[in-house]
1. Net charge near PRO45: determine it from the other residues with C-beta under 13 Å of the C-beta of PRO45, scoring Lys and Arg +1 and Asp and Glu -1.
2. Among GLY28, PRO14, ILE93, flag the residue with its Cα farthest along the positive direction of the charge dipole of the chain, charges on Cβ as +1 for Lys/Arg and -1 for Asp/Glu.
3. If you add up the charges near VAL155, with Lys and Arg at +1 and Asp and Glu at -1, over every other residue whose beta carbon is less than 14 angstrom from its beta carbon, what do you get?
4. Compute the orientation-averaged projected area for segment 1-85 from the convex hull of its Cα atoms and round it to one decimal in nm².
5. Among SER68, SER133, SER38, which one moves the most in a GNM of the chain with springs linking Cα atoms closer than 10 Å?
6. Check which residues have an amide H placed less than 5 Å from HIS30's amide H, if you skip close sequence neighbours.
7. Count the net charge of all other residues whose Cβ sits under 14 Å from the Cβ of TYR20, scoring Lys and Arg as +1 and Asp and Glu as -1.
8. Order these peptides, 3-11, 106-114, 40-48, by their mean beta-carbon neighbour count within 10 angstrom, highest first.
Amino acid sequence: MSTIRVVWGTATGPTALSSYDAALAEAGVHNYNLLTLSSVIPAGPAVEVVGTAPDLGPPGEALEVVQSAATAAPGERAAAGVGWARTGDGPGIFYEVEGVDPDAVRAEIREGLAAGRALRDWEFVEEEIHVRSVAPDDDHATAAVLATYGESHPVV
């Protein structure tokens with residue numbers, strides 16, 4: 001498998017779905033059909049924090065992701081985050097949280113990663129957390145953080 005890239009976007013829009021689409025556009029993944037995975041990192045691929053995804057293939061293809069996305073009504077805050085713990089070049093875990101307070105999201109990710117590490121007989125050597133938030137005035141807002149697995153592939 002190729003690289004797992006961590007990307008993110010925050011955006012506003014006149015509707016909840018339009019703000020989500022705009023956040024995905026900022027992250028560079030709005031032209032793919034996102035397939036949500038559970039939160040296990042396979043052994044081998046590097047996890048790179050890139051912010052915006054490069055070209056991962058033709059529009060309309062499927063792209064596997066671990067995703068955290070929070071959408072807020074006008075005047076409210078949205079916060080989303082993804083954290084991970086890894087065993088060197090071996091397997092690892094992602095943990096994703098949505099909410100309204102970025103500090104609370106970060107704390108819940110830390111707590112979730114600790115619980116996930118306790119369930120596994122693995123020697124974890126790294127941990128990283130990325131949280132984004134947005135608070136609009138008059139529009140809906142979405143904060144999204146995604147881990148994208150490799151390149152896209154045909155849906156059919």
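1. The answer is -2.
2. Result: ILE93.
3. Charge balance near VAL155 sits at -3.
4. Convex hull of Cα atoms, orientation-averaged projection: 5.9 nm².
5. Among SER68, SER133, SER38, the largest GNM mean-square fluctuation belongs to SER38.
6. ALA25
7. Value of the local net charge: -3.
8. 3-11, 106-114, 40-48
Laboratory data are not the source of any read-out in this text; all were calculated from the coordinates shown. A quick note: this is a predicted structure, and the numbers were derived from the prediction, not measured. Cβ atoms come from the backbone with ideal geometry, glycine included; neighbour counts cover every protein chain shown.
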